[in-house]
1. What length, rounded to one decimal in nm, is gained on full extension from L670 through to L443, with 0.36 nm per residue of separation minus their alpha-carbon distance?
2. Which residues does a label at I598 reach in the range 625-645, if reach means a backbone N under 17 Å from a point 7 Å past the Cα toward the Cβ?
3. Determine which residues of the range 465-496 fall in the zone a paramagnetic label at D659 would reach in this model, i.e. backbone nitrogen under 17 Å from the point 7 Å along Cα→Cβ.
4. Highest mean first, what order results for 625-633, 669-677 on Cβ atoms within 10 Å?
5. Quick one: putting +1 on the C-beta of Lys and Arg, -1 on the C-beta of Asp and Glu, what dipole do you get for the range 383-502 around its Cα centre, in Debye to the nearest 20?
6. So for each of 449-462, 680-693, 479-492 I average, over its residues, the number of other beta carbons within 10 Å; can you give me the resulting order with the highest mean first?
7. How do V720, V413, V97, V398 line up, fewest other C-beta atoms within 10 Å first?
8. Using 0.36 nm times the number of residues separating I644 and I351, minus their current alpha carbon distance, what extension gain do you get?
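Derivation of every value follows stated rules applied to the coordinates shown; laboratory data play no part. Nothing here was measured: the structure is a model prediction, and the numbers come from that model. With ideal geometry, Cβ positions are generated from the backbone for all residues, glycine too; neighbour counts draw on all protein chains shown.
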Amino acid sequence: MSAIAAFCALNCAVASIPADVTAQSPQPIAQIPADVEPQEFPAEEPIFNGVQIEDRTNESQQQFSLEDPPITPTTEDGTETEASVEVAEEELRVLEVIGDRQEYDELTNIVTAVGDVVVRFNESVLTADRLQINLNTKLAIAEGNVALQRGQQLLRGDRFDYFFVQNRGYIRQAQGEVSQQDLSQDLSAQPTPSISNISDPAILLNERLLLDQPISNVNQTNDGFNIVVGSSRGIENRPPLENNIGTVNRIRYYAEEVEFFEDRWEAKNIRLTNDPFNPPELQVIADTATYRDIDEFTSELVTTDTRLVIDDNVSLPIYPRTYRFDSSDDEGIFSLVSIGFDDEDRGGFFIQRRFTLFKNQQGKWTVTPQYLVQKVLFPDNEFGGTEGDDSAIISPDVFGLTTDFNYNFNPRVFVIAKGSIPNLSFENLEDDLKVNFRFEQLLGNLANPFRLSQEFNYRDRLFNGSLGFQRVQRSLGIVLRSPRYVLGRSGFVLDYQASIQNIVANTDRRELLGIDNPLSQDEVNLTRYQATASLNHSLPLWSGQALPSTPDEGLRFSARPVVPYLSLQTGVRGVSSLYSNGDQQITGTARIGLQGQIGHFSHNFFDYTGFNVAYSFGSRGESPFLFDRLADSKTLSFGLTQQIYGPIRAGFQTAINLDNNDAISTDYFLEYSRRTHSILIRYNPVLEIGSFNFRINDFDWSGSTDPFVNQDVRPVIDGVIP
């Protein structure tokens, strides 16, 4: 890879800038002409041994050799200039230069191009006011509004020096933008349930309102990165939407000097920001940075004295400072400690750190050790652990472990495996270990495919409404999930699912256990045949206008301008489950609700209120299992999120069983939201789980400790696992 290609391949920290936002750029710069396309050279060709300069004024063309001894120029018709020598028979591998006029000084052997200079080389385009090439020293110097573009990557600077022989150079006062629009997508997507179901605890109210918000006049893209320090609320099984969420697709950066070589580049005093405005709210600053390609799929960025600076008055050190990433990276370039709360499996508060053991363009394997802090601090009381636990500071009982593996065999076939153990004592491994394995094939249109999966689960942890957490000891089977069908212009969305599974799980039906039951006291082994279909509709009742995308209005406290709206949400679902013992559970459920937001989240006081409310009713189920029994025939779900002051919002989301007035689940959350970053604290006292996340918009760190987000706990909705 050439030095220019190595430099322009910077696809690390990338965030987005709305296309219609006018950034307060430092000064006008030379723009790449729209009709100029980079010229491609075969990768096996050596570096340039000649320069070709074209003069726009008189449409003349000259070629100069960079060989030793140098070959003097020839004109376009092949005649030599005054100091001519015979041109070498070898064809020149030329650097193409176009300018308004050109000059050649025979005494100094310097070629000069002046006026809107355009240089095409190595799939790149360079523009400048002036370019000088010293044929003796093999040095090219571009000055005045220098701009270098390769694909979506853009670099500007005051001066650009390039040494042909060493294939290296440097740019002074470098600044520019990096886009990751062309990065490959992760193919190991999760199933795509409808987001209209507000009983899904993986999606908080703030996110649900953003997902359902009408399309604004901001150019939108779903290809940015998110950086998360702590627990992410990025939802792995979030469905693809027509109104994509991301609004930012570029990061701005500045470096005092960038020096690049054939296999790497090095920068001094580099700053990166996902803020399109000056002064930026947030910056990542490093004294030095070195970038190089490890192999075809993996690159490495090494920084020194790296800091995260917020509002120029908060500076936080960032560790580690050696980052590996590739085009399919979903962790981002930083991987810090995450914080979570899980009372049932982890004894309360815990911290974790993710490590990547294997990663290439097709797959990845990560291992995440966990330290159970609350179990260490309170080993013998109700707040963590149980009496008799060996909860010393370094005891195996206070360390947990999770692992994730995914591998894409091709765009249509992939495998996902997850494992978890709440402690490393291994005394009750059979009861503690949890494994999920899925081999999945995409059928039909890859943009909206059928998903045929073969699944094996061991001690799967599920949440089934008012029946609470349920364990499925093991299950093995095949599941077919349909695409989401949009029915014409009606706005109705149809999807369905069918499965055949052999299941061992808890039951409260004593007649199924029998005297000689080989399983544990409350478990039964049955084969289940299930089919389900759902029809959902969102009817817009009213929609306002977003504020202009400026730092003082539409983008003051959010990365995307808020659009006020009100919509009516309706849905029906039918489920038929047949069991090998002759039992059946056939249910129907209907939902109706309102959802909306008012205000623009721009002023300091009470300028944003979001809400939803929904009522669902249906028939009770008679499943022999507890994990898929439909026990909540009438439920009321509602939530509210309210701006308190400035960037601070607070809210809740709850669901109540109207038959007994018991709370099924209640989430409380507090959010500090800015254009470039946010802090979110979530806690559910009913389920005794919680999470904390510090999010830098569109840098795409994962590392969530939220059990629903990570699918450590999967919700059962109307007797169906999405």
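1. My answer for the length gained is 77.6 nm.
2. What the label zone holds, given the 17 Å backbone N cut-off, is 639-644.
3. 465-469
4. In decreasing order of mean packing, 625-633, 669-677 become 625-633, 669-677.
5. 1040 debye
6. Values: 449-462: 18.2, 680-693: 20.4, 479-492: 13.6.
Highest to lowest by the protection proxy: 680-693, 449-462, 479-492.
7. Values: V720 20, V413 14, V97 25, V398 28.
Least crowded to most crowded, the residues run V413, V720, V97, V398.
8. 102.5 nm
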